[in-house]
Amino acid sequence: MEKLLSWFRPLPPAPRIEDPDQVNKMYKYWRIRTFLALYIGYCGFYLTRKNISPALHVFSEELGIGMIDLGIIAATFSVTYGVGKLFCGILADKANVRSFMAIGLLLSGVINLFYGFLTSLWALAFFWGINGFCQATGYPPVAKSLVYWFSPRERAKIWSWWSSSHTAGTFAAGALVALLLKYCSDWRSVFYVPGFFGVVIAVYIFWSLRDKPDSVGLPPIEEFKNDVIPVTIDKKTDVSQWTILKKYVFTNPYVWYLSLALCFVYFVRFGTLDWATKFLYDARGINKVDVVWLWNLMPLFGMPGGIIAGYLATKFFKGRCAPITIFYLLVLALCTYGYYLFAGANHMVLTCIFVAAIGFFVDGPQVLIGGVMLSRVTAQESAAAAAGFSGFWSYILGTAVGANLGAAFLVEQYGWGGMYAACIACAVAAIIFVALCWKKETAEPKK
């Protein structure tokens with residue numbers, strides 16, 4: 001047990017490199033290597049969890065399960081993922097990100113390898129729930145790594161580039177599922193092929209990642225970049241992990257505002273994404289292969305959507321994200337309304353436009369609220385915990401209760417119009433909570 005636990009302990013500081021030229025060279029090398037490992041690694045996480053969404057219509061037909069059953073499976077994942085995010089976020093601040101992230105993806109890959117052969121609803125829900133907890137080991141180590149390897153003024157740009165990994169992974173999952181459904185006779189391949197890739201990528205993560213800069217002998221990022229940390233802990237009083245968590249996460253009103261905003265964004269994101277194939281196939285008459293390719297447009301256009309949002313925040317607002325986020329959310333509400341009105345087999349061009357637009361404008365708020373804005377209103381030492389805290393609420397309330405069970409209930413009771421009306425209302429609610437952080441979000445150091 002002692003040897004097992006040692007895998008998760010932070011790597012010890014290496015002897016400090018004093019030569020400035022060597023520091024510059026090593027920082028460049030390790031920042032590129034770390035970014036690539038985080039990017040490819042998180043693509044692997046999405047490949048082993050979003051493979052179920054584009055295959056939902058086939059999955060439900062083959063196993064004979066309805067909307068509420070699908071909602072139960074999805075909600076089980078969301079609950080365990082949300083709880084796992086909080087738990088893993090607290091642990092990740094004190095853990096070795098390399099082992100933490102790699103082992104979680106390895107376990108998720110293994111679950112996918114046998115998941116397609118399950119038939120019982122409760123077995124499907126149980127093991128997809130375990131997969132949800134394993135998936136929770138992905139984002140907290142990323143949040144921790146990004147705040148230690150990249151300075152505050154870089155984060156909007158770098159975080160938005162990294163955040164395209166979840167849309168890249170989602171797109172890869174959708175493209176892979178579309179090809180497997182078209183060319184493979186066994187539909188279960190949509191689980192065991194991504195599972196295989198997940199195992200391979202987990203090995204790559206373990207080989208590539210390190211911990212904080214001091215683990216390879218480099219100075220702190222704020223010293224290297226001559227930048228300031230927006231929120232710093234008081235070394236005299238904030239000494240214990242619990243004190244840091246209580247002050248900078250649990251009782252921090254701005255972490256609460258952003259967590260609630262993220263809940264509403266996640267309702268829109270998963271309400272439009274996860275149910276898209278069912279909506280377009282069942283209600284709008286598009287065939288089962290074409291709906292997968294249409295579904296793919298959301299993550300495909302989400303990638304530039306998040307990147308451009310980060311670029312605009314860096315270029316015009318010195319890394320502040322509230323103005324761009326509010327603009328994106330306003331346009332997202334309008335696009336969701338247009339999508340509901342015009343999507344269908346008789347309006348394929350308009351369907352493509354609105355599907356792509358939703359992907360583009362939902363990704364920016366998710367990236368900026370759940371990553372950059374949170375990192376600017378909490379301490380560096382609690383970045384992973386804040387990410388886990390917001391992830392807990394966004395997946396419990398926004399996804400499990402909202403976009404999974406809530407959306408299924410709305411469709412059953414009020415039709416698809418009720419569900420998309422709720423998406424529009426959630427976009428407006430997210431604007432209100434982001435606006436509450438408008439003045440707080442600043443690059444000036446605060447105790």
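Sorting 215-221, 396-402 by average packing, meaning the other beta carbons within 10 Å per residue, from highest down gives 396-402, 215-221. FRET efficiency for His347 and Leu121, Cβ-Cβ distance as r, R0 = 25 Å, nearest 0.05? The calculated FRET efficiency here is 0.10.
When Lys50, Lys94 are compared by accessible surface with a 1.4 Å probe, the order from highest to lowest is Lys94, Lys50. Charge dipole (Cα centre; +1 on Lys/Arg Cβ, -1 on Asp/Glu Cβ; no other charges) of the range 1-125 amounts to roughly 480 debye. The packing ranking, built from the mean of other Cβ atoms within 10 Å per residue, places the peptides 74-84, 252-262 in the order 74-84, 252-262, highest first.
Please report the projected area of the range 249-388's Cα convex hull averaged over all directions, in nm². Don't skip to the answer; put the middle values down first.
Working: hull surface 34.8 nm².
It is 8.7 nm².
From largest accessible area down, sort Tyr27, Tyr148; use a 1.4 Å probe on the protein chains.
Details: Tyr27 0, Tyr148 40 Å².
Final ranking, largest accessible area leading: Tyr148, Tyr27.
Relative contact order of the range 1-113, taken over Cα pairs closer than 8 Å and 6 or more residues apart, is 59 percent.
Which of the pairs Lys85/Lys278; Lys50/Lys182; Lys247/Lys315; Lys85/Lys182; Lys28/Lys318 have their Cα atoms more than 26 Å apart in this structure? Each step should come with its number before you reach the end.
On the way: Lys85/Lys278 28 Å; Lys50/Lys182 18 Å; Lys247/Lys315 32 Å; Lys85/Lys182 35 Å; Lys28/Lys318 23 Å.
Cα-Cα > 26 Å for Lys85/Lys278; Lys247/Lys315; Lys85/Lys182; rest within.
List the residue ranges in the chain for DSSP H helices whose C-alpha atoms run 20 angstrom or more along the long axis and whose Kyte-Doolittle average is 0.0 or above. TM-like helix candidates: 67-92, 97-115, 121-135, 152-183, 189-208, 253-273, 290-317, 322-342, 348-367, 407-435.
Note on the range 52-196: Rg/Rh from Cα positions, Kirkwood definition for Rh, rounded to two decimals, is 1.01.
Computed over the Cα atoms of the range 301-360, what is the ratio Rg over Rh, Rh following Kirkwood?
On the way: Rg = 13.5 Å, Rh = 12.3 Å.
Ratio of gyration radius to Kirkwood radius: 1.10.
Take the Cβ atoms of Tyr204 and Thr251, set R0 to 41 Å, and the FRET efficiency comes out at 0.60.
Grab the Cα-Cα distance for Phe316 and Arg9, subtract it from 0.36 nm times how many residues apart they are, and report the gain in nm with one decimal. Intermediate results must be reported in sequence, preceding the final value.
Numbers: separation 307, 0.36 × 307 = 110.52 nm, distance 4.00 nm.
Taking 0.36 nm per residue and subtracting the Cα distance, the gain is 106.5 nm.
Protection proxy ranking, highest mean first, for peptides 323-329, 344-350: 323-329, 344-350, where packing is the per-residue count of other beta-carbon atoms within 10 Å, averaged.
The accessible-area ordering, largest first, of the residues Ile65, Ile90, Ile353 stands as Ile353, Ile90, Ile65, per a 1.4 angstrom probe. Accessible surface area normalised per residue over the range 375-447 is 37 Å², counting heavy atoms of protein chains with a 1.4 Å rolling probe. Only protein heavy atoms count here; under a 1.4 Å probe, Trp242 has an accessible surface of about 150 Å². The separation of the range 260-293 from the range 97-147, counted between C-alpha centres, amounts to 23 Å.
Keeping the other protein chains in place, figure out the carbon and sulfur percent of the accessible area of the chain, with a 1.4 Å probe. Intermediate results must be reported in sequence, preceding the final value.
On the way: 11970 of 17370 Å².
The C+S portion of the solvent-accessible surface of the chain is 69 percent.
Within the full protein context, the accessible area of Arg33 is estimated at about 40 Å² for a probe radius of 1.4 Å. Using the alpha-carbon centroid of each, what span in Å lies between the range 193-211 and the range 378-443? The range 193-211 and the range 378-443 have Cα centres spaced 30 Å from each other. In the chain, the convex hull through the Cα atoms has an average projected area of 20.6 nm², a quarter of its surface area.
Dipole size of the chain about its Cα centre, with +1 on Lys/Arg Cβ and -1 on Asp/Glu Cβ: approximately 980 debye, rounded to the nearest 20.
The values are calculated or read from the model by the stated rules, or taken from the named source; none is laboratory data. Only a predicted model underlies this, so the values are computations on that prediction, with no experimental measurement involved. Quick reminder, even Gly has a Cβ in these numbers, built from the backbone with ideal geometry, and neighbours come from all protein chains shown. Side chains included, ligands, DNA and RNA excluded: accessible areas come from the protein's heavy atoms. Shrake-Rupley method; radii C 1.70, N 1.55, O 1.52, S 1.80 Å.
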